[in-house]
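Worksheet: the structure to be examined is printed underneath.
The values are calculated or read from the model by the stated rules, or taken from the named source; none is laboratory data. Every value quoted in this text rests on a predicted model; they were computed, and no experiment measured them. Here the Cβ is made from the backbone with ideal geometry for all residues, glycine too, and neighbour counts use every protein chain on show. These area figures cover heavy atoms from the full protein model, side chains too; ligands, DNA and RNA do not enter into them. Shrake-Rupley method; radii C 1.70, N 1.55, O 1.52, S 1.80 Å.
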Amino acid sequence: ALHLYRDLLEKESGFWRFHSSLGRIYGFLGQWEESIASFLRARAIAPDMANIYGALGQTYAWAGREADARRELSDLREFAARRSVSPTCFALIHTGLGEQDQALDYLETACERRDLPLNSAFSHPAYKALRGHPRFQGLLRRRLGPASADQLH
């Protein structure tokens, strides 16, 4: 995936999602500075994409840059005062900070709102730290039904 997105960026460097996806890949590899730089490029191209704030905030937290993660959380709250923002964006940052109860509060709100980005939360590696939590398992069952939820274990 890393090579694919690098190749795609050589052909189309102005597409924010390529930068954001590359940021995720670098983050999952623990390459924090590369990840952060990719997210900052994505946000420069598409400043109105709230999910970039969430992913960047989570990466800051994973990189041990708590003050930067909390700044992203604050910026995201300001952004949400002007536009609709998926609760999953907040959940990402709280997950990165190790604040499971706050992250799960946002995921429950997303579930109540039937928020589309929640669908990826159950399989996305960004939420790995929450998977064993009973509240997360409850959300999974509520959203997908018991039979489908059991298949994801």
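Answer yes or no as to whether residue 43 is basic (Lys, Arg), in a helix (DSSP H, G or I) and closer than 25 Å to residue 130 by Cα.
no
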Note on the range 61-99: residues open to solvent by 10 Å² or more (accessible area, probe 1.4 Å) and among the aromatic types (Phe, Trp, Tyr) are 62, 90
Would you call residue 102 under 28 Å from residue 137 (Cβ atoms), surrounded by fewer than 18 Cβ atoms within 10 Å (Cβ to Cβ) and among the polar types (S, T, N, Q)?
-> yes
So, first residue over 8 Å from residue 23 (Cβ atoms) and in contact (Cβ under 8 Å) with a residue 24 or more places away in the chain in the range 37-51, second residue among the basic types (Lys, Arg) and not in a helix (DSSP H, G or I), Cβ within less than 8 Å, six or more apart or across chains; the pairs are 48/83; 50/83
For the range 80-98, enumerate the residues that are in a helix (DSSP H, G or I), under 18 Å from residue 108 (Cα atoms) and not aliphatic (A, V, I, L, M).
-> 87, 88, 89, 90, 94, 95, 96
